[in-house]
Structure formats: C-alpha cells, structure tokens
1. Looking for something farther than 18 Å from residue 116 by Cα and either exposed (fewer than 10 other Cβ atoms within 10 Å of the Cβ) or among the β-branched types (Val, Ile, Thr) (or both) - is there at least one such residue anywhere in the range 63-74?
2. Can you tell me which residue is nearest to the chain's Cα centre (by Cα) among those in the range 127-161 that are among the hydrophobic types (A, V, I, L, M, F, W, C) and away from the ligand (no atom under 16 Å from the Cβ)?
3. For the range 127-145, enumerate the residues that are open to solvent by 20 Å² or more (accessible area, probe 1.4 Å) and of a type outside the set (S, T, N, Q).
4. Where the second residue is of a type in the set (Gly, Ala, Ser) and more than 9 Å from the ligand (Cβ to nearest atom) and the first is in a strand (DSSP E or B) and lies in the range 133-161, which pairs have Cβ atoms under 6 Å and are six or more apart or on separate chains?
5. Please verify whether residue 87 is open to solvent by 10 Å² or more (accessible area, probe 1.4 Å), without any contact (Cβ under 8 Å) to a residue 12 or more places away in the chain, of a type in the set (Asp, Glu) and assigned by TED's automatic domain parsing to the domain that holds residue 143, treating the condition exactly as stated.
6. It is to be established whether one or more residues within the range 111-123 are more than 10 Å from the chain's Cα centre (by Cα) and of a type in the set (A, V, I, L, M).
7. In the list 58, 62, which residue meets the criterion of being under 27 Å from residue 159 (Cβ atoms), modelled with pLDDT under 90 and in contact with a Phe, Trp or Tyr (Cβ under 7 Å, 6 or more places away or on another chain)?
Amino acid sequence: MTTEHLHIDPAEKRWIQVSILVLVIFAVAVGLTGFVMGFQVPLPEQRVDPALITQEGPFAEPGLRELAPGKYEAYILSQIWSFVPNEIRVPQGATVTFYVTSKDVQHGFHIQGTNVNVQVLPGYVGKMTYRFDKPGTYYFFCTEYCGLGHQAMYGRVIVEP
Ligand code: CUA
C-alpha cells in the first residue's frame, strides 16, 4: 500500500513530523555534548575484589599521584561513611583522573560544579577525568543513600592558584 491510498490525518502527520524533529534535536544534543563539550558516560574501568581492595593494588594506598606536570590521578576509596582521602590539593589547571571504588555498599561520587558524577559500586572502579581551570574549593559528596551517616560523607578538592 502506498501513501496515496493510506489516509493520514493532517494533524497526525504534523505530530509524526514533530516526533522525528525531536529525535533529530536529541541526536544533535547528544552529539554536541559528547564530542564538542566532552561529556563522558562513566563506564566501569575495571573489576576488583572489594574484600582485598585495602590489601593490594592502588586502593591499598589511596590518594593523589602526579603522573606528569599538571597531570594527576586520584584513587579514592569509598566506605561507610567517608572517602579516603577526603581532601586533595592540586594546582590550578591540573587534569585529574579519578578512580573510585567502594569496599562495602553502594555509594556515589559527585564533585560539585563539575560533570564528575559516578555511581560507586563495590567490585567496580569508576573513572572520570576533569580539568580544574578555576581555583577554589570543590566539594565532593556521596550521592547514593548508604545508611545513617550518608549525609556526612563528603570531602574536597582544593585547587590552588
Ligand atoms: Cu555513601 Cu551515601
């Protein structure tokens, strides 16, 4: 059957066109944020054994490491109800790759004012990279309810000018 024989109400046809337009707008928006603005989908970087996390590997000594001038990696261990470490200091303009995991229950890791926002699951390592162009204090906190002390679970990145 061709469209000559198929009756489409003009109002229905308009809504079909609007639906297609909305899909095109979404595809363009996702493309722009992903490829132009650099938004990343947080993917699990690797699997780890939460029972051994404090005994072996980089999370046995969590913290900040300098890889090259201005380039850092930060291993942050989440546990009820704190982040280890809960304070890191970097110079202005530093690019920091965060590796975050949990040794007990599900937590979240969000740095205020940035697009760093990962779900922190025991057994998985979340990875996000961010460049701190502006000096100041960036608070990070747990975004998943993890029990009685959830609201006290926070820390900060201090970006020094
Ligand atoms: Cu950890 Cu909420």
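1. Yes; the residues of the range 63-74 include at least one that is farther than 18 Å from residue 116 by Cα and either exposed (fewer than 10 other Cβ atoms within 10 Å of the Cβ) or among the β-branched types (Val, Ile, Thr) (or both).
2. Of the residues in the range 127-161, the ones among the hydrophobic types (A, V, I, L, M, F, W, C) are 128, 132, 140-142, 146, 148, 152-153, 157-159.
So of that shortlist, the ones also away from the ligand (no atom under 16 Å from the Cβ) come out as 128, 132, 157-159.
Numbers: 128: 5, 132: 15, 157: 15, 158: 18, 159: 19 Å.
So the residue we want is 128.
3. 127, 130, 131, 133, 134, 135, 136, 138, 139, 141, 144, 145
4. Going by the 6 Å Cβ cut-off, the qualifying pairs are 140/155; 159/136.
5. So residue 87 fails the test.
6. yes
7. On the way: 62 fails: modelled with pLDDT under 90.
Unique residue meeting the criteria: 58.
Yes/no per residue for (1) outside the structural domain of residue 141 (by TED's automatic domain parsing); (2) within 13 Å of the ligand (Cβ to nearest atom); (3) loosely packed, with under 14 Cβ neighbours inside 10 Å:
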residue	(1), (2), (3)
50	no, no, no
60	no, no, yes
78	no, yes, no
94	no, no, no
100	no, yes, no
125	no, no, no
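The values are calculated or read from the model by the stated rules, or taken from the named source; none is laboratory data. Note that the coordinates shown come from a computational prediction; the quantities given were computed from them, not determined experimentally. In this analysis, Cβ positions are derived from the backbone assuming ideal geometry, glycine residues included, and neighbour counts consider all displayed protein chains. In case anyone asks, the SASA skips ligands and DNA or RNA and just uses the protein heavy atoms, side chains included. Shrake-Rupley method; radii C 1.70, N 1.55, O 1.52, S 1.80 Å.
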